[in-house]
Amino acid sequence: MMRHDFHTIANWVKPGSKVLDLGCGDGSLLKFLQDTRQARGYGVELTDANILAGVKNGINIIQNDLESGLSVFESGSFDHVILSQTLQAMRHTEAILREMLRVGREGIVTFPNFGYWKNRLQVLRGNMPVSDDIPYQWYDTPNVHLCTMHDFEALCIKLGFHIRERVVMTAGTPVRFLPNLAGSLAVYRFGRVQ
Amino acid sequence: MQPASSVGIVVPQTAHFTTPLTLKSGAVLPCYDLVYETYGTLNADKSNAILVCHALSGNHHVAGVYAEHDKKPGWWDNMVGPGKPIDTERFFVIGLNNLGGCHGSTGPASIDPASGQPFGSRFPLVTVEDWVESQTRLADSLGIRQFAAVMGGSLGGMQALHWSIQHPERVRHCLVIASAPKLTAQNIAFNDVARQAILTDPDFHGGDFYAHNTRPRRGLRLARMLGHITYLSDDVMGSKFGRVLRSGAFNYGYDVEFEIESYLRYQGDKFAESFDANTYLLMTKALDYFDPTHHHASGKLSDALKPAQADFLVLSFTSDWRFAPERSREIVKALLDNECRVSYAEITSGHGHDAFLMPDTHYHSLVRAYMERVAS
């Protein structure tokens, strides 16, 4: 099944753009962008299984640990740098966001919104949330830095990033009213403050 | 019976070239032979050919066997064959012995037609560039305009890389495995110790030991022992040999006591009987000289790789300290700088540099998956 954020991301990627997909998994997003937007680019992944899946998927995939930075990529060499549902699993959150806007003109980030009401409800009940977008038990999760939309936007201000667009959705359906409460998945497009 | 996944019994062939080859050193080879083997079938439009370049002590015998009960198949038999990662049901694979080699191609032990004696010390130094040039002539003679892929490990990876720079239109895919853009000082140092072992052997006779009916066995053996140590990892040596003693106790002498000593001496002896000392000198020098940035004013690898058009697969192995993953990442970075299509994987292995010859599942799956792309 195609992930809900793919179409939103594809809408923001201009045809023929050069994209870098960080934590690209099996490469399905990059393949989708190649097929629908004639994008050129690379995926970056850490795990062996995903590297193999990416090669099978026909994308250019580079094995690299995002936590160690993106020194293999030159500054300003991409139109879009995408971090799709990986931000919450990063230890060096600020560092990777800065690196994104070093190597690219624009960053695209998607993450599960911890402020989503169902997540809040589970916390109110005294449990860590488990949902479609955060499908892990607390003791068995790759996620180390969960955040709400408010939190992410505050970080962007701190880093001097300008949020150009945001789409919030729940089960694939866009949410416009009270997004930080009603949205389970947040998708942001940002650049440097002009 | 050979297993179904073997290319079976193979026969080397010899191509004779009479157009003089001017080498990088300026020396000219008026004529020369290249020995090669092929596996699989060249298709009608000659678009399915894969060139496999060999490493330091390798040769043209990549896959298959020479006789029904031959126990020693080609050096990459686990990689090349029907249904194997390099599938000979789809691809036409060529292995050749490089110029200067000692397995049939013209080299120091060959008879110099001018004198009727072995070339010996008079055989010129050849470089990776010279090998690639000689390989283009073999490709021409087989009617292959463009290779589906050129590939190799270690020194073979350097040849594949040079192919992609020197003849970009002739290489669709390039697989550079356990290689480096150029050797480090430490690597050159290891090579020189190996060469000094050979050069200072009293049986070397300045390279003309053939006339003395001898060979510098001691030097070659030491060179191989040193090389062998650097191709393995500390872990694999530890797990394979540890500190195991042959007699179970210290003998307080200089005979073989530890299993690792016995193993290295055995490998060294075997190599000294089968390999030509001049070829070893020449191949290590070719390794030392290789540097695509040598003629570039900027000295930048990305500038040197600018002409490359191929799709690349670059692979390295975690415990390879002689051609470490960092060196492969230099190649990857230069390819990224040029917006080349490239994939890179760092394969977890305890086998050191030799890992590229081993049948690791993940490694072979990656090559197999990439070859799907080459075939389509």
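Here B:R195 does not qualify as touching a residue at least 40 places away in the same chain (Cβ under 8 Å), on the phi < 0 side of the Ramachandran plot, part of a loop (DSSP other than H, G, I, E, B) and surrounded by fewer than 23 Cβ atoms within 10 Å (Cβ to Cβ).
Is it the case, given these coordinates, that A:D26 is acidic (D, E) and either away from chain B (no Cβ under 11 Å) or out of contact with any helix residue (DSSP H, G or I) (no Cβ under 7 Å at 6 or more places or on another chain) (or both)? Criteria met by A:D26.
Entry remark, region B:329-376: residues being at the interface with another protein chain (Cβ under 7 Å from one of its Cβ atoms) and aromatic (F, W, Y) number 2 in total. A:L70 versus (1) closer than 15 Å to A:S84 by Cβ; (2) more than 10 Å from chain B (Cβ to nearest Cβ); (3) crowded, with 17+ Cβ neighbours inside 10 Å: which is the lone unmet condition? So A:L70 meets the others, but not (1).
Restricting to region B:198-219, what's the tally of residues that are within 26 Å of the chain's Cα centre (by Cα) and either of a type in the set (G, A, S) or surrounded by fewer than 16 Cβ atoms within 10 Å (Cβ to Cβ) (or both)?
Within region B:198-219, the first condition is being within 26 Å of the chain's Cα centre (by Cα), and the residues that meet it are B:198-201, B:204, B:206-210, B:215-219.
Checking which are either of a type in the set (G, A, S) or surrounded by fewer than 16 Cβ atoms within 10 Å (Cβ to Cβ) (or both) leaves us with B:200, B:206-207, B:219.
Result for region B:198-219: 4.
Only one entry in A:F78, A:F111 is surrounded by 22 or more Cβ atoms within 10 Å (Cβ to Cβ) and over 13 Å from A:D21 (Cα atoms), namely A:F111.
Applying the set (1) within 12 Å of another protein chain (Cβ to nearest Cβ); (2) among the polar types (S, T, N, Q); (3) without any contact (Cβ under 8 Å) to a residue 24 or more places away in the chain to A:Q38 leaves exactly one unmet item: (1).
Considering B:F209, B:F271, B:F258, the condition of being in contact with a Ser or Thr (Cβ under 9 Å, 6 or more places away or on another chain) and either modelled with pLDDT of 95 or more or among the aliphatic types (A, V, I, L, M) (or both) is satisfied by B:F271 alone. Only a single criterion out of (1) at pLDDT 95 or above; (2) out of contact with any Leu (no Cβ under 7 Å at 6 or more places or on another chain) is not satisfied by A:M100, namely (2).
Look at (1) out of contact with any His (no Cβ under 9 Å at 6 or more places or on another chain); (2) in a loop (DSSP other than H, G, I, E, B); (3) not assigned by the TED database to the domain that holds B:V314 and you find that B:D203 fails only one, number (1). Comparison of A:R91, A:R105 shows that the only residue that is part of a loop (DSSP other than H, G, I, E, B), away from every other protein chain (no Cβ under 14 Å) and surrounded by fewer than 17 Cβ atoms within 10 Å (Cβ to Cβ) is A:R91. Checking every residue in region B:108-118 against the condition of being under 18 Å from the mean Cα position of the chain (by Cα) and not in a loop (DSSP other than H, G, I, E, B) gives zero matches. Inside region B:265-312, can you point out the residues that are under 17 Å from B:G58 (Cβ atoms) and among the basic types (K, R)? Matches in region B:265-312: B:K270, B:K285.
Residue pairs whose Cβ atoms lie under 6 Å apart, sitting 6 or more positions apart in sequence or on different chains, and linking a residue in region B:130-148 that is on the phi < 0 side of the Ramachandran plot to a partner that is charged (D, E, K, R) and at pLDDT below 95, do not occur here. Check whether at least one residue in region B:345-353 is charged (D, E, K, R) and assigned by the TED database to the domain that holds B:P82, and report yes or no. Checked against the condition, which is being charged (D, E, K, R) and assigned by the TED database to the domain that holds B:P82, region B:345-353 yields at least one hit.
Could you please find all residues in region B:260-293 being under 17 Å from B:F241 (Cβ atoms) and of a type in the set (S, T, Y)? Listed by number, the residues that qualify are B:S262, B:Y263, B:Y266.
Checking region B:229-251 against the condition returns no match, with no residue being touching a strand residue (DSSP E or B) at 6+ places or on another chain (Cβ under 8 Å), part of a helix (DSSP H, G or I) and closer than 24 Å to B:H351 by Cα.
Residues in region B:304-350 that are touching a residue at least 40 places away in the same chain (Cβ under 8 Å) and touching a strand residue (DSSP E or B) at 6+ places or on another chain (Cβ under 6 Å): B:A310, B:D311, B:F312, B:L313, B:V314, B:L315, B:S316, B:F317, B:S328, B:I331. The residue of region A:1-57 that is farthest from the chain's Cα centre (by Cα), among those that are hydroxyl-bearing (S, T, Y) and surrounded by 17 or more Cβ atoms within 10 Å (Cβ to Cβ), is A:S17.
If you go through region B:42-69 and keep only what is surrounded by fewer than 23 Cβ atoms within 10 Å (Cβ to Cβ), in contact (Cβ under 8 Å) with a residue 24 or more places away in the chain and over 15 Å from B:Q13 (Cα atoms), you end up with B:L42, B:N43, B:K46, B:S47, B:N48, B:L56, B:S57, B:A67, B:E68.
Does A:V167 meet the test of being under 14 Å from the mean Cα position of the chain (by Cα) and surrounded by 15 or more Cβ atoms within 10 Å (Cβ to Cβ)?
yes
None of B:L183, B:L222 is buried (at least 18 other Cβ atoms within 10 Å of the Cβ) and within 17 Å of the chain's Cα centre (by Cα) except B:L183.
The values are calculated or read from the model by the stated rules, or taken from the named source; none is laboratory data. Everything numeric in this text was worked out from a predicted model, so none of it was measured. FYI the Cβ positions are ideal-geometry reconstructions off the backbone, even for glycines, and counts take in every protein chain you see.
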